[in-house]
Structures are given as C-alpha cells and as structure tokens.
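The values are calculated or read from the model by the stated rules, or taken from the named source; none is laboratory data. Since the structure is predicted, the reported quantities are computational estimates derived from the model, not experimental observations. Surface accessibility is based on the protein's heavy atoms, side chains included, excluding ligands, DNA and RNA. Shrake-Rupley method; radii C 1.70, N 1.55, O 1.52, S 1.80 Å.
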Amino acid sequence: MRIVFNIGGSVLCPEGIPDMDYVKKLSKLVLGLKRKKHKIIVVTGGGGISRRYIEMARNFKPSEDFLDWIGILGTRMNAMILIASLGEHAYPKVVKNKEDLEHALSSGRIVVMGGTVPKQTTDAVTVAVAELFKADLIIMGTDVDGVYDKDPDRYKNAKLIKRAKVKDLKKIVKTKKHRAKPVEVIDPVAVKLLKHAKIRTIVLNGKKIENIRKAIEGKGFKGTLIGD
Ligand code: UTP
C-alpha cells in the first residue's frame, strides 16, 4: 500500500524540541511498514519549534508569509530528526518540492518532508503529495483522537465523529483565511484538496502507535474516517 503520514508538530515536537521517545517509536512503526513492502512518505508538522519562533517574530510585525516561512523551517527541522532516526532507510534530504519528491521516490527509501510554501500547513502538503504519489491511504496523526463536532479542549461534551464526508468537514473547519499557526484540526486548504483527491483518509491520535497500526491493517481503530 502507498501510505502518506502527516505527523502533527504537536505530537512530534510539543515544546521547543522533538519528543525523542516518540520519534523512536514512530520510526519503528514506519520501518516495520517498509519491511512489509508498504511505500511511505512522512510529512512532519512544526509544533513547538514553529509556534515559538512565529510568536517571537510576530512582535516585529512581519508579513504573514514571512511568519509562514519561519513555520516551514520548523517543520523541516522536525523532518531532519526523523530522517536521522530512520538512518539509511530514509532518503537523506528533506523534500522541498515536486522535483525533489520524484527523485526521492525513485530511491525506494522512506521519504520525509515538512512544509513547502506559505498560506497553508503540512495538512495541505500531505494531501497534495498523496495525490501525486497516488496514495491508497492518508494517516493524519494529531494530538486528539480524531475530528470532533466541536473543540474537545474547550468543550467537555465534544463528540468524536467516526465517519465524515469531506463536505461535513467543510462545516466543522470554519476558518476561511490562513494565518500562521492556525488552530483547526485540519487546515481548510487541505479540506479543499481532499474533496478533489478522494483518498481514504484517517484522522487519529498520532501518539497512539498501536492504534495507527490497527488503522493501517484494516482493524478496528479509534479515529475519524474521511471519505465520500
Ligand atoms: P504545521 O503544519 O505544523 O501547522 O506548520 P499547524 O497546524 O499550525 O501545527 P500542528 O503541527 O498541527 O501543531 C507550522 C506552520 O508552518 C507554516 C504555517 O504557518 C503553519 O502554521 N507552514 C507550514 C506553511 O506556511 N506552509 C506549509 O506548507 C507548511
């Protein structure tokens, strides 16, 4: 199977530096999948490193694009840690664009990348790359158990949505205009791309490695399955 992972920065790098225990666990999962002949791309989010640098730079009032570039650099730092952890099984450079991607895929190794251009997050990168890669499955690993009907951090009675159509997501993801470091579980640009791409997508808790394994193996899992 061709699988594209998006590992949210909040999972990989909740504070300013990566969670090394998690990086090791994730690498083990990904390497196991490669041994089973799955083809894999991992897109890493920025998390704490992007957030902190964006917050600091915002004091100087640069443009949103400038702040986005800071965010992108954070995502790429996290990609580099994951590459280091995967060793020779990973393509040794962080993929930055379509040309790099083609080259990296032809190496037959695990491909790791972060952000690409401003005005989006790595969710959108994930969907765009998954389409180019003709992926069978997208796994969006976030810091919550999936897509909720309302923000689970703010509302105790928020309900996990087990299955959602892309058009339902459009109602849940209300933000229309991109701002560096948005708060939605999936970025609105990614939702738009998903509508077009029609790839089986699962949003789940990226920290729960066994649950990710179950989702890939087609067993019962906790999370949200997106598809029309
Ligand atoms: P993330 O993909 O980590 O976004 O990119 P996020 O949703 O804010 O955070 P987590 O990872 O889910 O917690 C971090 C920031 O980098 C910029 C945006 O500002 C984004 O908020 N970015 C990222 C881009 O501008 N373009 C990209 O392709 C990727």
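Normalised by the number of residues in region 70-127, the average gap of Cα pairs under 8 Å and 6 or more apart makes the relative contact order 37 percent.
State which entries of K28/K98; K170/K219; K36/K96; K170/K222; K134/K156; K93/K207 exceed 29 angstrom in Cα-Cα distance in the structure shown. Don't skip to the end; give the middle numbers.
Values: K28/K98 27 Å; K170/K219 27 Å; K36/K96 27 Å; K170/K222 21 Å; K134/K156 38 Å; K93/K207 25 Å.
Flagged as over cut-off: K134/K156.
Accessible surface comparison of Y91, Y155, probe 1.4 Å, protein chains only, largest first: the order is Y155, Y91.
With all protein chains present, how much of the accessible area of the chain (probe radius 1.4 Å) comes from carbon and sulfur, to the nearest whole percent? Don't jump to the answer; show the numbers that get you there.
Details: 6760 of 12110 Å².
Solvent-exposed carbon and sulfur of the chain make up 56 percent of the total.
Find the Rg to Rh ratio for the chain, where Rh is the Kirkwood radius over alpha-carbon pairs and Rg uses the same atoms. Each step should come with its number before you reach the end.
On the way: Rg = 16.3 Å, Rh = 17.4 Å.
Result for the chain is an Rg/Rh of 0.94.
The largest accessible area among L12, L132 belongs to the first residue in L132, L12, and the rest follow in falling order (1.4 Å probe, all chains).
Mind checking the per residue accessible area of the chain for me, 1.4 Å probe, whole number of Å²?
I get 53 Å² per residue for this part.
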